[in-house]
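What follows is a short report on a single structure.
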Number of protein chains: 2
Amino acid sequence: MEETKIMLEEKEIPTAWYNILPDLPKPLQPYLNPATQEPGGLALPPPLFAAELSKQEGSMEQWIDIPGKVMDIYRLYRPTPLFRAKRLEAVLGTPAKIYYKNEGWSPPGSHKPNTAIAQAYYVKDQGLKRIATETGAGQWGSALAFACRLLGLECSVYMVKVSYNQKPYRRVLMETWGADVTPSPSKKTNAGTKILEDDPDCSGSLGIAISEAVEDAATHDDTLYSLGSVLNHVLLHQTIIGLECKKQFEKVGDYPDVIFGCIGGGSSLGGISLPYVKDKLEGKKVRIVAVEPEACPSLTKGLYAYDFGDTAHLAPIAKMYTLGHTFVPDPIHAGGLRYHGDSPLICSLYDQGLIEAVAYHQNPVFEAAVTFAQSEGIIPAPETAHAIKAGIDEAINCKESKESKTILINLTGHGYFDLAAYDDYLSGKLEDYEYPEAKIKEALTHLPKV
Amino acid sequence: MEETKIMLEEKEIPTAWYNILPDLPKPLQPYLNPATQEPGGLALPPPLFAAELSKQEGSMEQWIDIPGKVMDIYRLYRPTPLFRAKRLEAVLGTPAKIYYKNEGWSPPGSHKPNTAIAQAYYVKDQGLKRIATETGAGQWGSALAFACRLLGLECSVYMVKVSYNQKPYRRVLMETWGADVTPSPSKKTNAGTKILEDDPDCSGSLGIAISEAVEDAATHDDTLYSLGSVLNHVLLHQTIIGLECKKQFEKVGDYPDVIFGCIGGGSSLGGISLPYVKDKLEGKKVRIVAVEPEACPSLTKGLYAYDFGDTAHLAPIAKMYTLGHTFVPDPIHAGGLRYHGDSPLICSLYDQGLIEAVAYHQNPVFEAAVTFAQSEGIIPAPETAHAIKAGIDEAINCKESKESKTILINLTGHGYFDLAAYDDYLSGKLEDYEYPEAKIKEALTHLPKV
């Protein structure tokens, strides 16, 4: 009998993250300082990130040991299972073999703790006692709140006010783990105070929340800042996903022909695929596909250029596929995929043809999510449902071409906190926004002149 | 290095449920027909339950094979991990070893699918195509919706109207799995129509929802009824939990001194403990403790007597510890523990001194839940948090007595759908209701005269 879940033992959890930087055919272009536009890493004064994280950001070590205390917390939910989606295959009538890596069993319900735990550990290890961060819908904030509590750090989360008011449950989740959650804009920072003076009813934005979190970290000696995606060190920590997958496929004597991950900032796709990019660079045949929303199509429709990482011009300027940092996507339910750019690392691989990209509207994405939920049981988050949609399309193509491909999908989170979106879909209220051509064109006029 | 999670392989999932009926020192007293008050099983005309389930209800076979198709679906989330709660032990500073069985990784998020899958299978196997059931807050309804979808059955859920309106996410969960969810009372049934004629604004009750589901099943030839707790066959299916625990403890060479499970209808406590009751009857020393809310203290303050199983007098009359079927508990957040009685099987074991019972107010229960969430990471459901509270108290006692006891807690579900309750607790709004002495006294005057 074939297993439904391919499991690893705890002692088989990889003990080092894979750093792709030394293996890249072309080195990444440097970050630029947002104020001076001069090259520099993340170690801008005052240091926002833990020293070890800034070091990892540009490290040329191929393998970076996972600290023991990080492993201890990983073991609360890792190794995560690799499922063979036999029920979904039967429903689709496909000869393809569909596998999905389920990261949704972590306490915060997504893959985000893989890096949150690591980041919190390095901050703690540096003798500091507090992390400030921002969160939109709350997935990153809850992962960091969880990690900070288990490592004995304080956690201060600036949550976009509209989400704070409309999505109270993610806030409560963070508070249950002891985090201090502030609706942004707030009077706690100069940035927030100034915005509230101009517009007391401002409902906030991720850009404003970043400004507040960065100011909080910059003005408190005991506090550092933390980011949940985009950066090299975040993708580094997420490679634990792909490294486990490789061991799991070895157990069943299989290997993926094609890998699907959703992409917002890049940590989900990067996490599962970077160890396979390594294989690909060594001559192995494997396709890697980034799946993004049509409403925010940075890879498929963006420009490969230097742009600000955030609307407030506080994060480093990075070379990436971007829609322009002033671009505001339509309010699709996959909030985690509404970033104007993408990880510079993923963008570089895409630019070199090592990664493909595809974009979908949200209605077909939710249709795929419901097909998945009704066959495999798991309700996926709207973000990860993009990868499922692309995986299902590939499996359907296999049916037509009679190919028995091995498909791997990164299922990075459950959708328990996204049931309002499912409700909208099931009741026919979900809108597929038109391609925002004019908005993108306008936003691309605001790129920094570098 | 000791493992954090004691795992089993899929091939180690027990292949038979344990039926305690033939091993009981005293046979259970028979169910009585609610109309005639004559002895009889569950096979009242018209048959409400699948024939195989009625047979299991009184079976004298010690082991009942788990059908292959049930095993197939179990493998989507079973075997579930047995965690060693080392972080919690450290926070408490206890010499006790605390373990918890985590049933929260099932797609519906609780232990309920263990029986929902089995029940749906037997209904399907009997050639029928639809199940009707009731649900309060939605935990049972969502488990049955999940099971029905994966087995290709239709599922009709009558959801108490106040929950339907106040807790839309559980409804959406059921609808995503394709269930038809009706706010109860409804005009779909005579029972509901009559109630709405008298009171068009009636917000419903579990009793009314049961009446509607039973009428739905009784008036449709292709439909049977299904219950999520209390009955012997439900506890039988849940023994998979305790059977896995026994294998897991064998792996680490340990054995529980004391087992804690919350009790509403009895499926959580029974599921983890019945295989250990077997050991106890064979001379092994193990304590088993049922943990109930002070607001609904059927074991600790109820009367051991024959009572109706439901307010509408449709379910069989059963001998159990009861607060009286007209008793309406205060609105504590642990909705699943608000049943006036308990499983007749558990009540019999309690009556014979084989099981202990303890009751807690909800504030200390949530305090324990937050301690657990902040040490082990997992946010438990309010119901299962009762077992955690009792487990923590035992561990604290061990600290004082310097005993290194082995404590086992049944963690039967996550609290992602209960964050409003955590919000109330964290903001000091949670009420500890007084012992409802007068209400119980009054309700106990309405027992059937048998």
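The values are calculated or read from the model by the stated rules, or taken from the named source; none is laboratory data. A quick note: this is a predicted structure, and the numbers were derived from the prediction, not measured. We place every Cβ from the backbone using ideal geometry, glycine too, and count neighbours over all the protein chains shown. Keep in mind that these areas ignore ligands, DNA and RNA; they rest on the heavy atoms of the full protein, side chains included. Shrake-Rupley method; radii C 1.70, N 1.55, O 1.52, S 1.80 Å.
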Exercise. Restricting to segment B:336-376, what's the tally of residues that are open to solvent by less than 10 Å² (accessible area, probe 1.4 Å), in contact with a helix residue (DSSP H, G or I) (Cβ under 7 Å, 6 or more places away or on another chain) and either without any contact (Cβ under 8 Å) to a residue 12 or more places away in the chain or not in a loop (DSSP other than H, G, I, E, B) (or both)?
Worked result: 12
For this session: Would you confirm whether any residue within segment B:83-102 is closer than 16 Å to residue B:228 by Cβ, away from chain A (no Cβ under 14 Å), open to solvent by less than 10 Å² (accessible area, probe 1.4 Å) and not in a loop (DSSP other than H, G, I, E, B)?
Result: no
Problem set entry | Verdict on residue A:80 being open to solvent by 20 Å² or more (accessible area, probe 1.4 Å), among the β-branched types (Val, Ile, Thr) and part of a loop (DSSP other than H, G, I, E, B) | no
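Results for (1) open to solvent by less than 40 Å² (accessible area, probe 1.4 Å); (2) in a loop (DSSP other than H, G, I, E, B); (3) in contact with a strand residue (DSSP E or B) (Cβ under 6 Å, 6 or more places away or on another chain), shown as yes or no for each residue.
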{"site": "A:419", "(1), (2), (3)": "yes, no, no"}
{"site": "A:430", "(1), (2), (3)": "yes, yes, no"}
{"site": "A:438", "(1), (2), (3)": "no, no, no"}
{"site": "A:441", "(1), (2), (3)": "no, no, no"}
Seminar exercise, completed: Counting only residues in segment A:1-31 that are among the aliphatic types (A, V, I, L, M) and in a strand (DSSP E or B), the one nearest to the other protein chains (Cβ to nearest Cβ) is identified as A:6
Exercise. When you look at residue A:107, is it at the interface with chain B (Cβ under 10 Å from one of its Cβ atoms), of a type outside the set (Ser, Thr, Tyr), more than 26 Å from residue A:49 (Cβ to Cβ) and open to solvent by less than 20 Å² (accessible area, probe 1.4 Å), yes or no?
Worked result: no
Problem set entry | Residues of segment B:16-42 classified as crowded, with 16+ Cβ neighbours inside 10 Å and without any contact (Cβ under 8 Å) to a residue 60 or more places away in the chain, total | 1
Exercise. Is one or more of the residues making up segment A:214-236 free of Cβ contacts under 8 Å to residues at least 40 places away in the same chain and of a type in the set (Val, Ile, Thr)?
Worked result: yes
Problem set entry | Lone unmet requirement of (1) among the aliphatic types (A, V, I, L, M); (2) in a strand (DSSP E or B); (3) out of contact with any Lys or Arg (no Cβ under 8 Å at 6 or more places or on another chain) for residue A:195 | (2)
Seminar exercise, completed: Among the residues of segment B:147-177, the number that are at the interface with chain A (Cβ under 7 Å from one of its Cβ atoms), within 25 Å of residue B:219 (Cβ to Cβ) and open to solvent by 20 Å² or more (accessible area, probe 1.4 Å) is 2
Problem set entry | Considering residues of segment A:291-328 that are of a type outside the set (Gly, Ala, Ser), touching a Gly at 6+ places or on another chain (Cβ under 7 Å) and open to solvent by 10 Å² or more (accessible area, probe 1.4 Å) only, the residue farthest from residue A:230 (Cα to Cα) | A:311
For this session: Scan segment A:262-282 and give yes if some residue there is part of a strand (DSSP E or B) and crowded, with 24+ Cβ neighbours inside 10 Å, otherwise no.
Result: yes
Problem set entry | The lone exception for residue A:36 - which of (1) closer than 23 Å to residue A:230 by Cβ; (2) in contact with a helix residue (DSSP H, G or I) (Cβ under 8 Å, 6 or more places away or on another chain); (3) polar (S, T, N, Q) it fails | (2)
